[in-house]
Amino acid sequence: MHGRTPRAGGFFAALRPRSHPPAPSVPALEIRDACEADLAQIAAIWDHEVLGSDATTDTEPRNPAAQRDWLARHTEIYPVIVAVTGHDLVAYGSLSPYQPKPAFARTVEDSVYVRRDRRGAGLGTMILGELVRRAGALGHRSILARITAKNTASLRLHARHGFRPIGLERESAFKLGRWHDVTIMQRHLDAI
Ligand SMILES: CC(C)(COP(=O)(O)OP(=O)(O)OC[C@H]1O[C@@H](n2cnc3c(N)ncnc32)[C@H](O)[C@@H]1OP(=O)(O)O)[C@@H](O)C(=O)NCCC(=O)NCCS
């Protein structure tokens, strides 16, 4: 003997496959229509941007009643969708009428918001892809996006989905102590 204690079961036991504890299951990502139960998590994502960034030119968080109104105004042809894993809502997006006039009913404006801790991992791409697909299926003519001109992530996201810049509003929005240019991008849907 060389001083080593032989392992129980000897050489052949060491070759037997070991049983590992089962890997913790990660709930699959699902994209679905939003419902009232999602509003608190949607508001938590949106309020961050309303209060602390120029990603949106909105400046006032919505109270729960205003959130419910917002969802109710998104009727069948103006969907709100969410990305969820289990009970965790990690991103959402919507299509809204670009203008309240009837002539503009088939031109929609999109919004896409990803929870801060989940950015840069393709969720925005998934949400916008689904919005483009639905806009085409719902018979809309084009989608517009109004993006503060320094929001590189949103500009790239929209460019990736075939949106092209069609205009620039110069210093049209004042937020967090300074003026912002707003880029307008558009994606036509006749090819879908
Ligand atoms: C803009 C936003 C929706 C993008 O979602 P995301 O899940 O982080 O983006 P993705 O991982 O799908 O990446 C989409 C594109 O943006 C780019 N991107 C992502 N984060 C970026 C960053 N911080 N800076 C520069 N580009 C970035 C990616 O490289 C990718 O471009 P590519 O396809 O050319 O490589 C997300 O950052 C967000 O919620 N921002 C705050 C809210 C907002 O700005 N909404 C849009 C209002 S118009």
*With springs only between Cα atoms under 10 Å apart, run a GNM on the chain and tell me which of S172, S154, S25 wobbles the most.*
S25
_Candidates Q67, Q41, Q99: whichever shows maximal mean-square fluctuation once the chain is modelled as a Gaussian network with Cα springs under 10 Å_ = Q99
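Treat the chain as a sphere of radius equal to its Kirkwood radius over Cα pairs and apply Stokes-Einstein at 25 °C in a medium of 0.890 mPa s; give the translational diffusion coefficient in µm²/s, rounded to a whole number. Display every interim value, and only then the final one.
Working: Rh = 19.2 Å.
D, rounded to a whole number, is 128 µm²/s.
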_Positive-end extreme of charge dipole, region 28-143 - chosen from S142, Y78, T59 (charges on Cβ)_ = S142
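Quick note: the coordinates plus some simple rules give every number you see, no bench work behind them. These numbers were taken from a predicted model, which means no experiment stands behind them. Note: ideal-geometry Cβ built from the backbone for every residue, glycine included; neighbour counts use all protein chains shown.
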